[in-house]
Amino acid sequence: MKIIDGKEIANQIKEEIKKDVAALIDADKKAPHLAAVLVGEDPASQTYVNSKEKACKRIGMTSSVYRLPEATTEEELLETVDFLNKDEEVDGFIVQLPLPQHIDEDKVIQRINPAKDVDGFHPVNLGRMMLGQPAFLPATPHGIMQLLERSDIDTEGKHCVVLGRSNIVGTPVSVLMSRKAKPGNATVTLCHSRTNNLEEVIKTADILIAAIGKQEFVKADMVKENAVVIDVGIHRVEDQSRKKGYRLTGDVDFEEVSKKASAITPVPGGVGPMTIAMLLLNTYKASQNEIY
Ligand code: GUN
């Protein structure tokens, strides 16, 4: 059984981008700039945005954070998006989700210039991805594809079962896995809350991608011998033996499933570290007009 080390692979990717950024600076070009918009005080969102800022700094990119109060109106947020769309210093930006209830997320995402949409959430980028055209790919699905590619996992002709149909993970990764590409060329089944005989379907997976949001849902008896298991879940479980008082687990019962899988991603240290690396990669590509 092989543990797919997302932390190591993410570090490799960040090192590659760091070199590319250094080459730009050496050539007297501007460092790529990522901006993030954070509305309100959600602690998890604050942590994510801080990590993104730190990651930029470490690889030589510049960044800025627009912190707006919880009471920001939709119109005010749209004005901030318009400002960032126009700001030539900014190569790419994200609006951290979730947004407060009174703001229409779809409306905000649709206002972002697709050429600066480094989250890959704009309908134009998702449509281009769907058609196999150049696009900013959403970070988590893109990170999963990189993990498979850099771990030399053969996906061609394999049965890939995806658990969960969210807009940011399950649906896009099912498209990427079925595309005529390497990695890709898999036969994909997308499972969700209305799927009949879910456990039987999971058992047929050569590659299982779990993004269902249920702690340790996938057990060893559901998984085929030698399956490749990618765990997108992240859950806090109280654990007083840990310094922080909790530990992290995924959508997969790692302890038992790892004994049966041929390769598996751990939580933490699997898919998670890949997402920031992919955001940085998109920001670099935006700065070099590689997509648009
Ligand atoms: N909230 C959780 N994940 C993400 C992400 O990848 N991008 C943004 N903008 N918000 C998020």
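Worth a mention:
- Of the residues Val218, His102, Thr72, the one whose Cα sits farthest towards the positive end of the charge dipole of the chain is Val218 (charges of +1 on Lys and Arg Cβ, -1 on Asp and Glu Cβ, taken about the Cα centre).
- Normalised by the number of residues in the chain, the average gap of Cα pairs under 8 Å and 6 or more apart makes the relative contact order 21 percent.
- Alpha-carbon radius of gyration plus Dmax, which is the widest Cα pair, for segment 40-122 in Å: 12.6, 36
- For the peptides 29-36, 279-286, residues were scored by their other Cβ atoms within 10 Å and the scores averaged per peptide; the highest-first order is 279-286, 29-36.
- Theoretical FRET efficiency, 1/(1+(r/R0)^6), r = Cβ-Cβ of Ser241 and Asn289, R0 45 Å, to 0.05: 0.35
- Nearest-ten-degree value, helix 139-150 long axis tilted from longest Cα axis of the chain: 60 degrees
- Note on Lys259: lysines with a C-alpha under 19 Å away, same-chain residues under 8 apart excluded, are Lys2, Lys203, Lys219, Lys224.
- In the frame of its principal axes, segment 144-292 has Cα extents of 48, 39, 30 Å, reported largest first.
- Counted residue by residue at 0.36 nm each, then reduced by the alpha carbon distance between them, the extension gain from Lys182 to Thr195 reaches 1.9 nm.
- Efficiency of FRET between Leu131 and Gln12 - r from beta-carbon atoms, R0 35 angstrom, step 0.05: 0.75
- About the Cα centre, charge dipole magnitude for segment 10-118 (Lys/Arg +1, Asp/Glu -1 at Cβ), debye: 640 debye
- If a spin label sat at a point 7 angstrom from the Cα of Ala23 along the line to its beta carbon, the backbone N atoms of segment 253-292 nearer than 17 Å would be those of 281-291.
- Alpha carbon centroid spacing (whole Å) that separates segment 128-153 from segment 34-84: 24 Å
- Computed on segment 215-260, with alpha-carbon pairs under 8 angstrom and 6+ residues apart, the relative contact order is 53 percent.
- Spacing of the modelled spin labels on Gln46 and His159, each 7 Å from Cα toward Cβ, amounts to 4.8 nm.
- A simple packing score, the average count of other Cβ atoms within 10 Å per residue, orders the peptides 111-119, 83-91 as 111-119, 83-91, with the highest score first.
Quick note: the coordinates plus some simple rules give every number you see, no bench work behind them. Remember, it's a predicted structure, so these values are computed and weren't measured experimentally. Methodologically, a virtual Cβ is constructed for each residue, glycine included, from the backbone with ideal geometry; neighbour enumeration extends over all protein chains shown.
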